[in-house]
Amino acid sequence: MREGGVPALVLLLTIALAGCAPPPRADQSGQPSQASSQGASRTLTMGVRYEVADLSPKRVAGGPSQYTKRSFNAALAVVDGAGAVRPYVAESLPQLNSDSWKVFADGRMETTYRLRPNLTWHDGQPLAADDFVFAYQVYTAPGLGAFTSRPQDQMEEVLAPDPRTLVIRWRSLYGDAGALMTEELDALPRHVLDASFVAYQQDPSTMDTFLSHPYWSTQYVGLGPYKLERWEPGSSVDGSAFDGHALGRPKIDRLSVRFIPDENTMMTNVIAGSVDLALDNSIRFEHAVEIKRQMGDRGVALMRPGNRHWVIIQFRPEILKTPALTDLRVRRALAHAIDREAINEALFEGQGLMSEHWTPRQASYWNDVERAVTRYPFDARRVEQLMAEAGFTKRDGFFASAAGERFRPEFLADGSPLFVREMEVIQDTWARLGIDMDPKVLAAVAARQNESRTTFADMYATTTGTREVQLDIFSAAQIASAQRNWAGNNRGGWSHPDFERWWGLYNSTLERSQRDQQVIDMMKVVTDQLPGLFLYFNILPIAHTVALRGPEIGATETLPNWNMHEFEMR
């Protein structure tokens, strides 16, 4: 599903390029500083909204973080600007029906990756296939629950016959086995973590010691284009160009990733030239418009389709505050109560990427999904009909049960002003229809905690994933729980046998056209049963100074800094 993607449409704003010198730089308060442009010419300053809790791609952490983690990590494969998967740490990728990708009669598989020669970790120690074997052991260690579970949950064994050969044996068919990317089987440096991991294996009570090892953060050792030099909590992560990077040494010598959670402050820094590249939901649509107005030909602002934004519904009975949400009629009433046009106007001046389903327009099968899904147009009459069927009638203008208890679901939103505004639009619409929302805002600190993002009382408006297919969030195997330290992509606890059947087939099918059809079938189930209410694809503005060359808008799964080793500062 990740191969041959169609490049995403550039929605808006390519500001003309010119060689004007930047104005005085600004700090996080928005005030200009005295740093000279000459002194900063060999440093890439990248502004992001969210401070990461760690630098490992496989660690489960709240909030978008792949932009920062990309800077310090390299996987076996990477998605380029055209949406094609290419070798990264691997010299080449396994090819189906060859010695590098064998499919056996009993349904098991074996893939073989050959690593590029002479690769090293950031600390100069050789990268070996055994580091992937060690990573597999860590990711599958009972009780840790700190890492995304796929695809190691599909693996039977990981072997290293020699330092450059990695053999993965799969217990069943797995369509993405030939292109393992970041967040899938990222290597871990055995020479750094082995002693701490062995201690955990011998004494599970040392789990916190292992998971808080400084390797994961302030002493991180990776394979990416930049190696960690300094981490100032709450401020920035700084790195230097890694000479041994698999795709070549970065052209820009130094990197400073600055954490700037306030969008207005980020905009000010971009306009002042203090931030060369703003990513990670750090500015909104209106900020990009203002950047265009103020910077003119001194900057570039691009809009790209981003993560999926939807409202997750809670299904765990021990957590759910409003049991009526388990009634499909109620969920369908809520779906008909979503006024996407009003949300679009309020958030994106009518230029948003609104949708009722999970599939991006770039997908080759998007038209088929459009024809297959169940739709819920905004319809006040249908809302009232469905709520009546579920036993609710209006009292004092709001729906209440036969016992007189008002239907008042809690609605949690991430604390971004954009999402708070969205919640206010929905609240206003629902109030006019008779639905009394109980609005709550999730603090930024809590948004980085798995438990906070999983144990919401009723509904949670949040953002998930950029990959063309990221439907594991509906898989029963991904249900987050306390026993797993709340790790797991299925945060609402929903499951359905029809979805499980198609999801199982999807993960055991290798032929692309069949997998496309299985996605369509899964979308039928999801839009019919409504584990959540899909709203839109986020518009992710990317702003950078004209002096920086290289960031690009690519396919849905392509990070704009995937090729940051090729970035140049003019």
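For the stretch 64-104 versus the stretch 352-381, the spacing of their alpha-carbon centroids is 30 Å. Hydrodynamic estimate: the Kirkwood radius of the chain over Cα pairs, inserted into Stokes-Einstein at 10 °C and 1.306 mPa s, corresponds to D of 64 µm²/s.
On full extension, the segment bounded by residue 316 and residue 106 gains 72.0 nm, given 0.36 nm per residue less the C-alpha separation. Structural descriptor for the chain: relative contact order 23 percent, calculated from alpha carbon pairs under 8 angstrom and at least 6 residues apart. The residues of the stretch 496-570 expose, per residue, 30 Å² of accessible area to a 1.4 Å probe. Per residue, the accessible area of the stretch 230-340 comes to 31 Å² when a 1.4 Å probe rolls over the protein heavy atoms. Straight-line cross-link reach from residue 251 at under 24 Å between alpha-carbon atoms covers these lysines, not counting any fewer than eight positions away in the same chain: 69, 227. Positive end of the dipole of the stretch 139-269 (Cβ unit charges, origin at the Cα centre): among 219, 205, 140, the Cα lying farthest that way belongs to 219. Counting Cα-Cα pairs of the stretch 191-285 in 10 Å increments starting at 0 gives whole-percent bin shares of 14, 31, 29, 18, 7, 0. How many angstrom separate the Cα center of the stretch 150-229 from the Cα center of the stretch 230-282? Comparing the Cα centres of the stretch 150-229 and the stretch 230-282, I get a distance of 26 Å. Computed over protein heavy atoms with a 1.4 Å probe, the carbon and sulfur contribution to the accessible area of the chain reaches 48%.
Distant-in-sequence amide contacts of residue 534, defined by a placed amide H-H separation under 5 Å and a gap of 5 or more residues or a different chain, comprise 311.
When the surface is traced with a 1.4 Å probe over the full set of protein chains, residue 528 keeps roughly 50 Å² accessible. For a label point 7 Å from the Cα of residue 440 along Cα→C-beta, name the residues of the stretch 302-318 whose backbone N is under 15 Å from it. Of the residues in the stretch 302-318, 312-318 have backbone N under 15 Å from the label point off residue 440. With the highest mean first, a sort of the peptides 427-435, 305-313 on other beta-carbon atoms found within 10 angstrom per residue produces 305-313, 427-435. The heavy atoms of residue 356 present about 40 square angstrom of accessible area, all protein chains included, probe 1.4 Å.
The values are calculated or read from the model by the stated rules, or taken from the named source; none is laboratory data. Small disclaimer: the values here were computed from a predicted structure and weren't measured. Counting neighbours? That spans all protein chains shown, and the Cβs are built from the backbone with ideal geometry, glycine included. Keep in mind that these areas ignore ligands, DNA and RNA; they rest on the heavy atoms of the full protein, side chains included. Shrake-Rupley method; radii C 1.70, N 1.55, O 1.52, S 1.80 Å.
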